[in-house]
Amino acid sequence: MTHSRFSALQIAFHWLTAALILLIVALPYGSEAFFEALLGGKGNVFTLHKSLGVLVLLLTVLRLCMRRRAQPLEAKAPLERFLVKAGHGLLYLLLLAMPLSGLLFGSRPFSLFWLVEVGPLPLSADLRGLAKDVHILAQYLLFAMILGHAGAALWHHYVRRDDTLKGMLPLLR
Ligand code: HEM
Ligand code: HEM
């Protein structure tokens with residue numbers, strides 16, 4: 001029996017975040033007809049995109065607070081330790097940058113989960129433009145990082161045959 005270096009809550013937040021990212025990205029890219037019929041209009045599609053994005057921001061801040069208490073990385077080669085730290089660091093950075101840039105670039109208020117009106121933040125048009133560029137461009141880095149990250153997890157499991165994936169997916173144990 002292997003012990004995970006992640007708590008049950010950290011594992012739950014990891015997979016919840018992964019599922020939310022999938023939905024957040026599917027909403028603007030998925031079939032317009034499907035989502036608009038399901039949610040009753042384009043406005044609602046983006047209300048959900050934005051609300052779930054704010055939820056990811058909250059979950060990420062909570063995960064970063066919990067992370068300080070996580071156990072250190074076990075002994076690894078220096079290059080591998082660097083790749084793991086840089087990779088996870090960049091993933092966390094993108095999990096903050098995507099929702100923050102989204103929040104910053106909007107010029108009209110939006111309804112958070114159809115409950116409260118949020119924004120717009122008092123920013124110049126230039127800063128809004130910059131935030132929009134970040135939102136539109138950083139998505140590609142996020143996609144590449146997620147592919148590399150999932151690929152690395154599968155490589156650990158099927159090629160190296162170690163417990164890395166089991167640590168985040170206790171069902172495999
Ligand atoms: C949107 C998709 C995903 C995001 C944003 C994401 C993000 C992250 C982050 C930030 C960590 C670092 C946790 C920490 O040390 O505090 C992590 C760990 C991990 N993730 Fe993901 N992940 C995603 C999807 C996946 C998928 C699809 C897999 C499996 C195929 C996976 C497997 C793992 C594993 C095994 C770890 C633990 C690595 C270790 O023990 O060092 N993740 N993930
Ligand atoms: C983890 C969080 C988020 C991710 C991964 C994400 C990702 C994306 C992606 C992939 C697109 C499609 C871009 C394109 O058409 O090329 C998009 C568009 C958009 N996002 Fe987000 N987003 C997130 C959070 C937010 C938040 C919190 C807001 C606002 C409060 C927001 C507002 C928007 C808007 C308004 C668009 C449409 C942009 C346009 O084409 O004019 N997003 N987002």
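Quick notes on this structure:
- Meets criteria (touching a strand residue (DSSP E or B) at 6+ places or on another chain (Cβ under 7 Å), surrounded by 15 or more Cβ atoms within 10 Å (Cβ to Cβ), aliphatic (A, V, I, L, M) and within 30 Å of Ser124 (Cβ to Cβ)) for Val54: yes
- In the range 123-136, the count of residues that are within 16 Å of Ile21 (Cα to Cα) and either β-branched (Val, Ile, Thr) or out of contact with any Cys (no Cβ under 7 Å at 6 or more places or on another chain) (or both) is one or more.
- Of all residues making up the range 124-155, the number that are among the charged types (D, E, K, R) and closer than 16 Å to Val56 by Cβ: 0
- Residue in the range 5-31 that is nearest to Lys50 (Cα to Cα), counting only those that are of a type in the set (Phe, Trp, Tyr) and part of a helix (DSSP H, G or I): Tyr29
- Test: residue in the range 6-21 that is touching a Gly at 6+ places or on another chain (Cβ under 9 Å), within 30 Å of Arg128 (Cβ to Cβ) and more than 9 Å from ligand 1 (Cβ to nearest atom): no
- Residues within the range 134-163 that are more than 25 Å from Val25 (Cβ to Cβ) and of a type in the set (Val, Ile, Thr), tallied: 1
Where a number appears in this text, it was derived from the coordinates with a stated rule and is not lab data. Just so it is clear, the model here is predicted, and its values are computed rather than measured. Note: ideal-geometry Cβ built from the backbone for every residue, glycine included; neighbour counts use all protein chains shown.
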